[in-house]
């Protein structure tokens with residue numbers, strides 16, 4: 001029988017007794033008196049309460065006691081005593097047993113419904129998965145189930161369709177809505193060579209892509225796996241709770257016996273009253289609110305963060321994230337975009353860029369890539385050059401439309417001329433930690449191009465937000481001091497540790513740990529040791545396997561603001577756990593003395609019915625408080 | 001006289017509870033049966049706890065633990081292995097097999113949905 005049915009049965013059977021409780025003062029009684037009550041309550045005990053008793057007995061044989069034990073002992077005592085009282089003509093309290101069962105089932109019913117709502121995150125993620133894909137087989141596009149898609153398959157995606165697996169576009173362009181996986185709300189434009197993520201939705205164009213990862217290797221599958229793990233993990237605080245809960249129930253039974261004995265033997269209370277006090281103690285003490293305080297908050301908190309593209313690995317990480325004093329950032333790819341970009345062009349922009357692009361057209365040097373990208377955005381096409389010649393350690397030169405053209409660093413200056421004006425601008429750009437390239441024609445430098453790995457647009461905002469939370473920010477990089485300091489000044493980092501070899505990053509993190517717990521934010525590939533050493537490793541972006549392995553928190557998007565959101569969500573979730581535990585504990589610890597009748601002298605007492613209602617309410621309030629986490633405001637809010 | 005009698009019974013009951021719940025009671029570990037050389041199976045009955053509560057599995061051999069829940073308690077309807085990321089619903093009075101990854105040796109605790117009942121898997 002389901003909880004819902006058990007609840008309905010006990011509610012229907014209890015209702016007449018509830019009505020009688022109200023009408024009794026007016027002289028209206030149930031027909032049949034005690035015998036009617038006996039029949040109704042027997043129905044409740046047999047149909048609705050039997051599972052409690054069965055579980056309690058099974059647990060007892062395992063030397064174990066749980067909440068069912070308390071419910072069973074409490075209601076059975078009330079019921080059996082009432083039968084004895086009825087037969088010997090004393091006052092009965094059948095209704096107590098019936099009401100307690102009803103209220104507890106009500107609490108369990110709500111709890112079940114809400115737990116279902118809280119654990120929905122994994123299910124929602126799994127449902128994102130596409131069901132089938134159009135795969136190119138033997139020159140023809142055929143529709144196959146998702147499981148039959150293999151690595152290397154060419155898959156066609158039409159507008160509005162779901163992308164089946166992770167891969168790389170081979171043909172066509174489109175805009176893709178990746179919000180369900182990365183939390184990024186704007187559609188992203190993708191073309192041949194760009195990576196696509198399974199379960200995201202294709203927007204406007206049709207394209208072909210080659211499957212790179214299928215089945216359990218896809219990003220979505222890994223996210224699902226991580227969310228599953230964290231939702232079943234326990235925060236360290238839970239271990240203390242468990243130890244308490246294990247000895248709690250037997251201790252309560254002992255307390256109930258003591259209550260009865262003290263009232264009956266030493267204070268001379270009647271058998272009925274002593275019994276009522278004891279039963280109230282048993283009922284109020286149920287530690288079930290304690291048991292669900294942590295898991296429900298953890299489920300809701302991590303489920304919400306997963307929707308934002310923030311994956312928290314386990315409860316331990318979540319608890320640790322609250323104690324962080326310092327946040328250490330890797331520079332390249334974390335604070336900066338990781339790709340050098342042209343920031344300034346000195347001289348005639350069109351002419352300088354055109355010339356530079358023509359000379360660098362075939363080069364794969366990162367600086368060349370930056371120049372070509374800048375030329376492309378300006379709609380300049382490189383011209384064909386002749387007599388191409390690399391000048392070792394200086395740059396390159398070639399003949400363009402009959403003139404000697406060159407591009408390179410300051411070492412070229414011995415042979416070429418630089419005007420004082422350009423000289424001054426070059427010094428200025430270099431002071432701003434930019435790499436300056438000279439562009440010239442016929443022995444005369446005609447312009448300068450400044451290139452820099454610029455900070456991401458959101459970096460400064462994110463760091464300001466962290467500092468506002470009282471965190472120390474540190475940048476750890478292998479780059480030289482001058483360049484690093486310039487970047488640090490732009491985004492507002494407190495402290496720079498430059499010239500650190502990749503292998504020494506972990507040691508640097510260790511030194512910082514002397515002043516308090518440290519979070520390390522990196523992009524995962526060469527940062528793996530530092531990510532593992534830090535108290536909380538935050539791996540950014542790109543969803544590489546190594547990042548997912550070594551980070552305690554994985555950010556699907558490549559956005560520093562997510563670091564702020566991750567820390568904030570962990571804080572919110574953890575404080576909710578503590579709040580839940582506080583309420584669950586306070587409820588039990590205050591409830592027991594009141595139920596035992598310690599305050600009876602001042603008229604403060606709990607009947608077993610009230611105790612049952614209170615217990616139902618306590619589970620209910622803990623789950624509701626966890627669900628409220630979904631609604632709590634984030635300072636760096638984005639649409640969840 | 002009545003009261004003295006009640007007092008004695010209460011004292012005896014308290015002593016019994018303390019002994020029954022807090023005393024040391026041994027549980028026996030049960031090793032999985034090797035169905036064939038490449039598969040191992042073990043049955044665990046779920047009724048007021050897990051019996052046997054400790055299961056020993058051989059490392060590297062694919063393993064299945066078949067749970068059969070006889071207990072109506074809502075607490076026991078979920079079984080959670082935090083280390084493996086398993087959180088599954090156990091249908092009442094039905095066999096429900098859970099596959100365990102035996103690649104890493106060690107002791108893995110599992111528990112019911114409310115973390116009140118505990119069991120253990122030892123992989124060696």
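In the stretch A:118-139 there is at least one residue that is more than 14 Å from chain B (Cβ to nearest Cβ) and either under 26 Å from residue A:596 (Cα atoms) or crowded, with 21+ Cβ neighbours inside 10 Å (or both).
Looking across the stretch B:103-121 at every residue that is in a loop (DSSP other than H, G, I, E, B) and free of Cβ contacts under 8 Å to residues at least 60 places away in the same chain, the one that is farthest from the other protein chains (Cβ to nearest Cβ) is identified as B:105. Residues of the stretch A:359-375 being buried (at least 20 other Cβ atoms within 10 Å of the Cβ) and either touching a strand residue (DSSP E or B) at 6+ places or on another chain (Cβ under 6 Å) or touching a residue at least 60 places away in the same chain (Cβ under 8 Å) (or both), which ones? Answer for the stretch A:359-375, where residues must be buried (at least 20 other Cβ atoms within 10 Å of the Cβ) and either touching a strand residue (DSSP E or B) at 6+ places or on another chain (Cβ under 6 Å) or touching a residue at least 60 places away in the same chain (Cβ under 8 Å) (or both): A:359, A:370, A:371, A:374. When residues in the stretch B:78-94 are screened for being touching a strand residue (DSSP E or B) at 6+ places or on another chain (Cβ under 8 Å), at the interface with chain A (Cβ under 10 Å from one of its Cβ atoms) and part of a loop (DSSP other than H, G, I, E, B), 3 of them pass. Taking residue B:97, is it within 14 Å of chain A (Cβ to nearest Cβ), touching a strand residue (DSSP E or B) at 6+ places or on another chain (Cβ under 8 Å), at pLDDT 85 or above and not in a loop (DSSP other than H, G, I, E, B)? Against the criterion (within 14 Å of chain A (Cβ to nearest Cβ), touching a strand residue (DSSP E or B) at 6+ places or on another chain (Cβ under 8 Å), at pLDDT 85 or above and not in a loop (DSSP other than H, G, I, E, B)), residue B:97 does not qualify. Among the residues of the stretch A:87-102, are any within 16 Å of residue A:281 (Cβ to Cβ), buried (at least 24 other Cβ atoms within 10 Å of the Cβ), more than 14 Å from chain B (Cβ to nearest Cβ) and under 39 Å from the mean Cα position of the chain (by Cα)? Looking through the stretch A:87-102, at least one residue is within 16 Å of residue A:281 (Cβ to Cβ), buried (at least 24 other Cβ atoms within 10 Å of the Cβ), more than 14 Å from chain B (Cβ to nearest Cβ) and under 39 Å from the mean Cα position of the chain (by Cα). No other residue among A:173, A:189 is modelled with pLDDT of 85 or more, farther than 30 Å from residue A:576 by Cβ and out of contact with any helix residue (DSSP H, G or I) (no Cβ under 7 Å at 6 or more places or on another chain) apart from A:173.
Would you confirm, using the coordinates I've provided, whether residue A:35 is out of contact with any helix residue (DSSP H, G or I) (no Cβ under 7 Å at 6 or more places or on another chain), under 24 Å from residue A:257 (Cβ atoms) and either away from every other protein chain (no Cβ under 14 Å) or part of a helix (DSSP H, G or I) (or both)? So residue A:35 does not fit the description; no.
When the strands (runs of 3 or more DSSP E) confined to the stretch A:376-448 are screened for residues that are under 18 Å from residue A:345 (Cα atoms) and in contact with a strand residue (DSSP E or B) (Cβ under 9 Å, 6 or more places away or on another chain), those reaching at least 3 such residues are found at A:403-408, A:435-441. Do we find a residue being at negative phi, surrounded by 15 or more Cβ atoms within 10 Å (Cβ to Cβ) and assigned to a helix (DSSP H, G or I) anywhere in the stretch A:19-30? Looking for residues that are at negative phi, surrounded by 15 or more Cβ atoms within 10 Å (Cβ to Cβ) and assigned to a helix (DSSP H, G or I), one finds at least one in the stretch A:19-30, hence yes.
With respect to the conditions (1) at pLDDT 80 or above; (2) under 30 Å from residue A:302 (Cα atoms); (3) not in a strand (DSSP E or B), residue A:167 lacks only one, and its number is (3). Among the listed residues A:338, A:268, A:301, A:333, which satisfies the condition of being surrounded by fewer than 23 Cβ atoms within 10 Å (Cβ to Cβ), more than 14 Å from chain B (Cβ to nearest Cβ) and either touching a helix residue (DSSP H, G or I) at 6+ places or on another chain (Cβ under 9 Å) or not in a helix (DSSP H, G or I) (or both)? Answer to the selection: A:338.
Applying the selection to the stretch B:1-24, what residues are at pLDDT below 75 and within 10 Å of chain A (Cβ to nearest Cβ)? Within the stretch B:1-24, just B:24 meets the criteria.
Scanning the stretch B:48-77 for residues that are facing chain A (nearest Cβ under 9 Å), buried (at least 21 other Cβ atoms within 10 Å of the Cβ) and outside any loop (DSSP other than H, G, I, E, B) gives B:50, B:75, B:76. From the list A:374, A:337, A:361, the one residue that fits, being at pLDDT 85 or above and within 46 Å of the chain's Cα centre (by Cα), is A:374.
For residue B:124, the conditions (1) more than 21 Å from residue A:71 (Cβ to Cβ); (2) at the interface with another protein chain (Cβ under 9 Å from one of its Cβ atoms); (3) surrounded by fewer than 18 Cβ atoms within 10 Å (Cβ to Cβ) all hold with the exception of (2).
Hey, does the stretch A:60-76 have a residue that's over 39 Å from the mean Cα position of the chain (by Cα), assigned to a helix (DSSP H, G or I), away from chain B (no Cβ under 12 Å) and surrounded by fewer than 24 Cβ atoms within 10 Å (Cβ to Cβ)? Looking through the stretch A:60-76, at least one residue is over 39 Å from the mean Cα position of the chain (by Cα), assigned to a helix (DSSP H, G or I), away from chain B (no Cβ under 12 Å) and surrounded by fewer than 24 Cβ atoms within 10 Å (Cβ to Cβ). How many residues are in contact with a helix residue (DSSP H, G or I) (Cβ under 6 Å, 6 or more places away or on another chain) and at positive phi when one looks only at the stretch A:367-415? Adding up the residues that qualify gives 1.
Taken over the stretch B:80-94, the criterion of being touching a residue at least 40 places away in the same chain (Cβ under 8 Å) and over 18 Å from residue A:314 (Cα atoms) is satisfied by B:90 alone. Inspection of the stretch B:25-47 identifies at least one residue that is part of a loop (DSSP other than H, G, I, E, B), closer than 30 Å to residue A:53 by Cα and within 8 Å of another protein chain (Cβ to nearest Cβ).
The set of residues from the stretch A:449-485 being under 23 Å from residue A:513 (Cβ atoms) and part of a strand (DSSP E or B) comprises A:472, A:473, A:474, A:475, A:476. For residue A:488, the conditions (1) modelled with pLDDT of 80 or more; (2) within 23 Å of residue A:314 (Cβ to Cβ); (3) surrounded by 16 or more Cβ atoms within 10 Å (Cβ to Cβ) are fulfilled apart from (2).
The values are calculated or read from the model by the stated rules, or taken from the named source; none is laboratory data. It should be emphasised that the depicted structure is a prediction, and the values quoted were computed from it without experimental measurement. FYI the Cβ positions are ideal-geometry reconstructions off the backbone, even for glycines, and counts take in every protein chain you see.
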